[in-house]
C-alpha cells in the first residue's frame, strides 16, 4: 500500500540495513578495534567550541520567543545579512540578505531549488561520480537525471561529455567541488570552460541553464588549493551551502542557498524558493541553529586533522600500488578497484575487515570511496588489512 | 523559467507580502498599539524555562559529536523510546521506539507520510474548514485533495459528507483536532463513527484507508475536555505531532510521526517513511532539538494564558452578537462573517484596524479565523474596534 515510487527505495534501505547489521556483527565477532569502517561521511572532528558557546549565549541573552519562534520562511534577516557580508568579504561578491535563503542543510536546499525550477521531464546533468542522492532529489520533482561519464583518471568534470549531454530540456547542471566521492577540487580553468559551454548552450537553446553548486565541502581544501566561487564565473549560478562539515553540525540541518541578483528570472526564483521551503514542510531552517552559525562564520573546523589522515592513508595506499585520484579536498579518497567489478572488490576488502563503498553507488563502477573522517589510530590499525588486500591481487 | 507548478504559489506569495506590507504601513500610520493583528498562529506564550535549561545541560554534558552529529534518519533511538513511553503512559498505548520517527515539525511529518503513501491521482480527504497547506502537501506528490463540506454550525467533521466522498482512490483522510481554524475538539462519539465508516469503506474497497491525525494542538484543550488518541479507535491511524505549540518551539522544527504496529503494511510504511525523511532533504530532525524535547515531555506550555484570552474574546464577541463555534482547543475563534462574502467582511474589519483571516483561505467561505495567541492587552484594546465592526452591520 505504499507509493509505487517508494518500493525500490524500501528494497535499497533493506540492503543498507543488512550492511549495517553485518558491520555490527563483524564488530562483535572480531572486536570493534579490528573492523575498519571507512564507509561513512560523518565528520570525525568536533565542532569548534565557539558553536556551543554561541548557542548557550543566545539561550541566555535573547528573548525565547525570538530564539525559538517563527520567522520569515527564508530565515532570520540579520543571519542572512551576516552570511551575505561574510561571503562578500571572502569572495568579493555583492550579496545582501535577500540573496540568502536559510535551509535545512544542503539536502534541504537542493530540494528547495529543484522544486523551484523543475517541470516534469526537465533534465538535470551531473558529472559521474556523484552523490547518488541527487538522483532521488531530482526524482522527487519528476526531473530526469542525466549523468556525464567520468573523466578518468583526473576526475575533473568531463566537459566534452557535458557538451554532448545538454539538450533543449536541460534545466540545470549540478556540480560538487570539493567533490564527494573523489576528493578532487575543480580547477579555475575547468570552471571557466564549463561556464563558457553553458553560455554557448544557453544561446543555442534560448533559455537559462542553471548551475547548481553543492558546496558542503567548500571549507575542506588542503595544500592551500583555491576553491573558486562559482557565481563569479557564471551568472546563472545558485549555491547550496551546508554547515554540516564546516562546523561539524550534520545532525542540526543547517545551511543556505545563495540566489544572486544576476540569475535569470531572479525575483520569481527567490519567491518560489521561499514558498518551496514552506510547502515542502521545512517551513524554515531551525531557528537556534541559524542564530548560532551567524555568530560562528569566522570559525573553522580543524581541517588539519583531516589533512593528517589524508596524507597518512594516501601515502600508504600509493605505496601499496593503489591508484588514487589527487585528493585536494573533502574527506574522501577515490581508489581504483583492483578488479573490474567494484562490488566484488568491496567484498574482498571486507574479508580483511575493511568497509568501503563501491563506486557504482556513485554512478562510476571500477572504483571505491574511502572516507577518512575517522581516527588516525584506526587508519594506522587498518594498514595491515590494506596490505593483505593488495597482496590478494598480486 | 520557474516550474509551472510554482507560478500560482508565487502569485499567492505576493498577495501575502502585500498584506504584510499593508499591516506594517497601518502600524506606522495609526501606531502599532492601534492595529489589532489576529491573523497569525504564532504562540504568544514563551517556551517553558526547562527547554532552554535542557539545551544548555545537553551542550555542557554530552559529547558534541553526539549532540550535533548524524544519527539514524528516524532520529535518536533513546529520544524515540522516551516519546513512546510517554505516549504509553498518557494514552494506554503500547508503542516502542520503532513506532516513532522524528520529523522536522508536523509539516515535515505530513510530507514524509504523504510521500510514503501517495501515488499520483490518489485521493486525500479533509474536512472543511482545514489548514490550506494540506492542499500543497498533497499536491507535492500529485495526490488529489478532496474537501468534505463543513458541518455548520458545530463544525464537528461532516460524516455523511465523508461517506459520500470516499472512492476506490481514497488513500487517506486527514483530521486535525483540536482544530485549526475552528478551535473545535472532535468528540469521542464522532471519532467512533468516523472509524466505523472507514472500517466499512475499507471492507467495501478491499484496501486500507489511512487516517492521518495532524496534532500540533493536542495539548491546547480547555475546560478539561478530552482529546481522544486516535490510534486506539482506528487501526490504520498515523499520528503527526509537533512541539511547535506544546512547547512554543515553532521555529525549531521538531515533531514526530507515530506509525503503530497495527497499521496495514506496517514494515514497508516504516521503511519508506525513513527513506522519505532522507530523500525529501530533511535527512533527520534537528539533533539538539530532539535531545531537548525528550527531556521536556512532562513540560507544558502555560495554556492558562491562552484560556484567559479565549474567554475574554469569546465572551465579548458573543455579547456583540457574533456567532462563534464552541472553542474548546487550539488558539483560534471561528466566527461567522456578518455578510456572505467573508473577504468583504475582512476588509470591513480592517477599516477598524482588525486583521482577521477569511474562512475561504480554509476552504470554508462565510467565516473568519481570529487567532487569540496575542497579548490580553491587545485583546482588550481591540474591543472598541469589534464594537464598531458589529455596529457597521446593524
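The values are calculated or read from the model by the stated rules, or taken from the named source; none is laboratory data. None of the values given here were measured: they were computed from a predicted structure. Reconstructed Cβ throughout: ideal geometry from the backbone, glycine too, with neighbour counts over all protein chains shown.
Side notes on the structure shown:
- When residue B:239 is tested against (1) surrounded by fewer than 24 Cβ atoms within 10 Å (Cβ to Cβ); (2) free of Cβ contacts under 8 Å to residues at least 60 places away in the same chain; (3) on the phi < 0 side of the Ramachandran plot, just one condition goes unmet, and that condition is (1).
- Test result for residue B:81, away from every other protein chain (no Cβ under 12 Å) and at pLDDT 95 or above: yes
- Meets criteria (touching a residue at least 60 places away in the same chain (Cβ under 8 Å), within 27 Å of residue A:248 (Cα to Cα) and touching a helix residue (DSSP H, G or I) at 6+ places or on another chain (Cβ under 7 Å)) for residue B:80: yes
- Residue satisfying condition, being touching a strand residue (DSSP E or B) at 6+ places or on another chain (Cβ under 9 Å) and assigned by TED's automatic domain parsing to the domain that holds residue A:247, within set A:55, A:102: A:102
- Within the stretch B:88-106, considering residues that are part of a helix (DSSP H, G or I) and touching a helix residue (DSSP H, G or I) at 6+ places or on another chain (Cβ under 9 Å), the one nearest to residue B:263 (Cα to Cα): B:99
- Odd one out for residue B:60 among (1) under 21 Å from residue B:281 (Cβ atoms); (2) at the interface with another protein chain (Cβ under 9 Å from one of its Cβ atoms): (1)
- Yes/no for residue B:238 being at pLDDT 95 or above and assigned to a strand (DSSP E or B): yes
Per-residue answers, yes or no, for (1) at the interface with chain A (Cβ under 10 Å from one of its Cβ atoms); (2) surrounded by fewer than 24 Cβ atoms within 10 Å (Cβ to Cβ); (3) within 16 Å of residue B:285 (Cβ to Cβ); (4) touching a helix residue (DSSP H, G or I) at 6+ places or on another chain (Cβ under 7 Å):
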position	(1), (2), (3), (4)
B:225	no, yes, no, no
B:231	no, no, no, no
B:245	no, no, no, no
B:253	yes, no, yes, yes
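- From A:6, A:19, A:26, residue being in a helix (DSSP H, G or I), surrounded by 19 or more Cβ atoms within 10 Å (Cβ to Cβ) and out of contact with any strand residue (DSSP E or B) (no Cβ under 7 Å at 6 or more places or on another chain): A:6
- The set of residues from the stretch B:52-66 being surrounded by fewer than 24 Cβ atoms within 10 Å (Cβ to Cβ) and part of a helix (DSSP H, G or I) comprises B:52, B:53, B:54, B:56, B:57, B:58, B:59, B:60, B:61, B:64, B:65, B:66.
- Residues located in the stretch A:260-273, provided they are closer than 30 Å to residue A:301 by Cα and surrounded by fewer than 24 Cβ atoms within 10 Å (Cβ to Cβ): A:260
- Any hit, the stretch B:36-45, residues being part of a helix (DSSP H, G or I), within 14 Å of chain A (Cβ to nearest Cβ) and crowded, with 22+ Cβ neighbours inside 10 Å: no
- Helices (runs of 4 or more DSSP H) within the stretch B:243-324 that include 2 or more residues under 19 Å from the mean Cα position of the chain (by Cα): B:243-246, B:303-319
- Matching residues, the stretch B:263-280, being in contact with a strand residue (DSSP E or B) (Cβ under 9 Å, 6 or more places away or on another chain) and either farther than 15 Å from residue B:212 by Cα or touching a residue at least 60 places away in the same chain (Cβ under 8 Å) (or both): B:269, B:270, B:273, B:274, B:277
- Residue within the stretch B:309-319 that is surrounded by fewer than 21 Cβ atoms within 10 Å (Cβ to Cβ) and closer than 21 Å to residue B:87 by Cβ present: no
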